[in-house]
Amino acid sequence: MLPWQVRPYRREILADGIALYSADRSPKSLVVGFCGRDHRLFLSVGMILQTLDHTRFDLMTVVDPAELHFDSGVEGYANSLVELAGRLSDVVAARGYSGVVTYGTSMGGLPALRVGLLMGADRAVAAGGRFAWNIGRLLRGEKHVGAFDLLCRCRKPGKTEIYAIFSEGHDGDVESAERLAAIRPDSRLLPLPCLDHNFVYEIQKARRLDEYHREIFDLRRKPDPAVLRRSLTKRSKLDPRRTFYIGL
């Protein structure tokens, strides 16, 4: 399929805030995307789908309208993050996916890691992931703050590969990545040469979003830090592999 052709994904609404994009029911990998506060994965769903191989990947997007870092699950679908992981595991089993990658951006980054661990996903990736400021949440009287975080050094490493991709020039992102590394030493940090929190947008402007997605979602190999860093280098306008994006 040529890069400029529209990918034949179809959307299925599983619940409010839960959408599944698939081209067919053949065995493939599922990418579970935990959105940030803008209800996107740093970019529109259309841009992301246009750079995925529809024969190898389905995409599920998960939104938390309450903006509680998915601690209370997704209203009307799951009442907690643990229940959410169970419901998503049921979808994986029912559809016979051969592999699972949990992926989250900004507010959804750390929940993607937590749910990935609970599901026993093959890979869990946080892009610009941020920890919740629980002190502020407690001072506001919010009652959903748990006493235990799944991202804890006390948990034994499992089969799930944990990655944190972040902008090395963004202080907040660097701080969150270093905190993650301290409490989960099995995490792999992948800093990118960018100043912006939304480094994925910079990759899209460089016309390398397809390379970025292949690198983090392809379970046949480990993400290559050098390839990811190169994804921020702009392609030549004459490159015949360039992708034309169509918003959905």
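Go ahead and estimate [θ] at 222 nm for the chain from helices alone: -39,500 (n - 2.57) per DSSP H run with n ≥ 4, summed, over the residue count, rounded to 500. The helix contribution divided over the chain gives -8500 deg cm²/dmol. Remark: segment 24-29, residue by residue, has Karplus-estimated 3J(HN,Hα) of 6, 9, 5, x, 6, 8 Hz, where x stands for each Gly or Pro and the curve is 6.51 cos²θ - 1.76 cosθ + 1.60 at θ = phi - 60°. For the chain, the membrane-span-like helices by this rule, meaning whole DSSP H stretches whose C-alpha atoms cover at least 20 Å of axis and whose Kyte-Doolittle mean is 0.5 or above, are 81-95; this says nothing about an actual membrane.
The candidate values were (1) 17.3, 56; (2) 18.9, 58; (3) 19.8, 66; the one computed from these coordinates for Rg and Dmax of the Cα atoms in Å carries the label (1). Using θ = phi - 60° in the Karplus curve 6.51 cos²θ - 1.76 cosθ + 1.60, the 3J(HN,Hα) couplings for segment 53-61 round to 7, 5, 7, 10, 9, 9, 10, 10, 9 Hz; x is entered for Gly and Pro. Using a cutoff of 8 angstrom between alpha carbon atoms and counting only pairs six or more residues apart, the relative contact order for segment 1-135 works out to 25 percent. Dipole magnitude for the chain: about 720 debye, using +1 per Lys or Arg Cβ and -1 per Asp or Glu Cβ, origin at the Cα centre. Summarising the amide proton neighbourhood of Phe166: residues at separation of 5 or more, or on other chains, whose placed amide H is nearer than 5 Å comprise Gly128, Leu190, Leu192.
Annotation: His170 carries an accessible surface of approximately 50 Å², with a 1.4 Å probe and no ligand, DNA or RNA atoms counted. Close amide-amide hydrogen proximity is noted between Glu161 and Arg123, Ala124, each under 5 Å apart and 5 or more residues distant or on a separate chain (H modeled in the peptide plane; Pro and chain starts excluded). Rounded to the nearest 20 debye, the dipole size of segment 1-88 about its Cα centre is 440 debye, using +1 on the Cβ of Lys and Arg and -1 on the Cβ of Asp and Glu. Loop-located GluC sites (Glu not before Pro) in segment 45-139 (DSSP state not H, G, I, E or B) with no more than 13 neighbouring Cβ atoms inside 10 Å: Glu67.
Couplings 3J(HN,Hα) of segment 63-68, computed from phi: 10, 10, x, 6, 6, 10 Hz, in residue order, whole Hz [Karplus 6.51 cos²θ - 1.76 cosθ + 1.60, θ = phi - 60°; x for Gly and Pro].
The values are calculated or read from the model by the stated rules, or taken from the named source; none is laboratory data. Just so we're clear, the structure is a prediction, and the values are computed from it rather than from any experiment. Here Cβ is always computed from backbone atoms with ideal geometry, including for glycine, and neighbour counts include all displayed protein chains. Keep in mind that these areas ignore ligands, DNA and RNA; they rest on the heavy atoms of the full protein, side chains included. Shrake-Rupley method; radii C 1.70, N 1.55, O 1.52, S 1.80 Å.
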